[in-house]
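Contents: one structure, followed by commentary.
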């Protein structure tokens, strides 16, 4: 068993059943919500799955990465489209770090000017 498998147990029917048994109403509500969100709508299901692939990379959920990548392909997404969505996520993650540097710069300014935060 690899380190990754120990950290992230494989998806199994038993785990899914246990989740439903321990909290059936939230599990049912979440499933209905998920089906509603990913259904065809103003945005095509393929686009929604590409968004999900990108978000999964930002949230770093290995289950979501695998599941939504597979779903995106099942809805006709190409490997190139999937990788481009991942690059958009990477830019947004990096861009957020860059944008938040304004907080550090503002703190530096305040500390240098009056010695406080």
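If the segment from residue 93 to residue 42 were pulled out straight at 0.36 nm per residue, it would be longer than the present Cα-Cα gap by 15.7 nm. Tell me the angle of helix 62-74 to the major Cα principal axis of the chain, expressed in degrees between 0 and 90 and rounded to the nearest ten. For helix 62-74, the angle is close to 60 degrees. Just checking the listed ones, 20, 93, 66: in the Gaussian network model of the chain with Cα springs under 10 Å, the one fluctuating most is 20. Relative to the longest principal axis of the Cα atoms of the chain, helix 45-59 runs at roughly 50 degrees. For the stretch 20-60 versus the stretch 62-113, the inter-centroid distance based on Cα atoms is 19 Å.
For the chain, the 222 nm mean residue ellipticity estimated from helices alone, with every DSSP H stretch of n ≥ 4 adding -39500 (n - 2.57) and the total spread over all residues, rounds to -26500 deg cm²/dmol. Between 14, 28, 84, the GNM of the chain built on Cα springs shorter than 10 angstrom shows 14 fluctuating the most. Measure nothing fancy, just the Cα-based angle from helix 79-114's long axis to the longest principal axis of the chain, in degrees from 0 to 90, nearest 10. Compared with the principal axis, the helix lies near 30 degrees.
Every number in this text was worked out from the coordinates using simple rules, so none of it is lab data. Bear in mind the structure is a predicted one, so any value in this text is a computation, not a measurement.
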